[in-house]
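Below is one structure, written out as structure tokens; comments come after it.
Nothing in this text is a laboratory measurement; each read-out follows from the coordinates by a stated rule. Being a predicted model, the structure only gives us computed values, none of them experimental. Here the Cβ is made from the backbone with ideal geometry for all residues, glycine too, and neighbour counts use every protein chain on show.
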Amino acid sequence: MANDDRPTVSRRNLVRALLGRDIPKPRADAPAPDRHAAGDAAYAAGDYLAAVAAYRASVREDLSNTAARFRLGHALYATGQPLQARVEFEHVLRLSGGKDAAARFFLALSFLALDKAAKAALTLAAFADPDRPELERAAHEAARTLEADPAADTAGMAQGLHALAAATALVPESSAST
């Protein structure tokens with residue numbers, strides 16, 4: 001889906017134009033509102049339920065913002081909604097051409113939470129992050145474990161991988177623990 005950078009007209013201004021009235025010019029000195037500010041603030045505070053609500057509203061207006069969609073996915077994962085988180089992480093990977101390491105990692109964790117060991121193994125095996133070699137090694141080891149034993153303890157594995165991701169700062173810290 002291509003970005004549409006054409007100027008838009010609000011309904012109010014469209015009606016004004018149709019009635020032959022002047023359309024007010026946008027103020028050049030007015031800063032553009034940050035539509036993700038409420039979600040960012042809640043996410044930074046560790047209030048993932050509020051972040052989910054705020055991001056869901058703001059992401060509808062900005063479907064191609066990978067950072068906001070990743071934070072929405074992470075907040076969904078942290079609030080125990082791995083299916084919805086999976087959708088967001090898949091969107092981020094599609095938008096980034098598959099290059100977002102954090103989205104790939106948390107997609108794998110979402111698969112683990114959904115008891116999809118085979119998909120988790122494939123996703124963990126594809127995880128690459130040269131800045132975090134210990135996390136990459138742990139992900140690849142988890143993939144090998146899942147391939148060898150699909151009935152492995154996925155909950156414990158997900159918990160250990162999530163703890164290592166937090167220790168290596170894969171996602172921004174928040175004031176609340178996940």
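The table below gives the values:
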| quantity | calculated |
| --- | --- |
| For the chain, diffusion coefficient by Stokes-Einstein and Kirkwood Rh (Cα), 25 °C, 0.890 mPa s, µm²/s | 136 |
| Nearest 10 degrees, 0 to 90: helix 82-95 Cα axis against the chain principal axis | 70 |
| Rounded FRET efficiency, nearest 0.05, which uses the C-beta distance separating Ala37 from Asp153 and R0 of 45 Å | 0.65 |
| Helix 66-78 axis, angle to the chain major axis (alpha carbon atoms, nearest 10°) | 50 |
| Full-stretch length increase - Ala126, His140 - with 0.36 nm per residue and alpha-carbon distance subtracted | 4.2 nm |
| Ala163-Ala57 FRET efficiency (beta carbon distance; Förster radius 22 Å; 0.05 resolution) | 0.10 |
| Cα shape, segment 73-169, gyration tensor, a/c 1.5 rule | rounded |
| Given charges at Cβ of Lys, Arg, Asp, Glu: segment 34-167 dipole, positive-most of Leu146, Leu63, Val92 | Leu63 |
| Gained length - Ala118 relative to Ser64, 0.36 nm times residue gap less alpha-carbon distance | 16.6 nm |
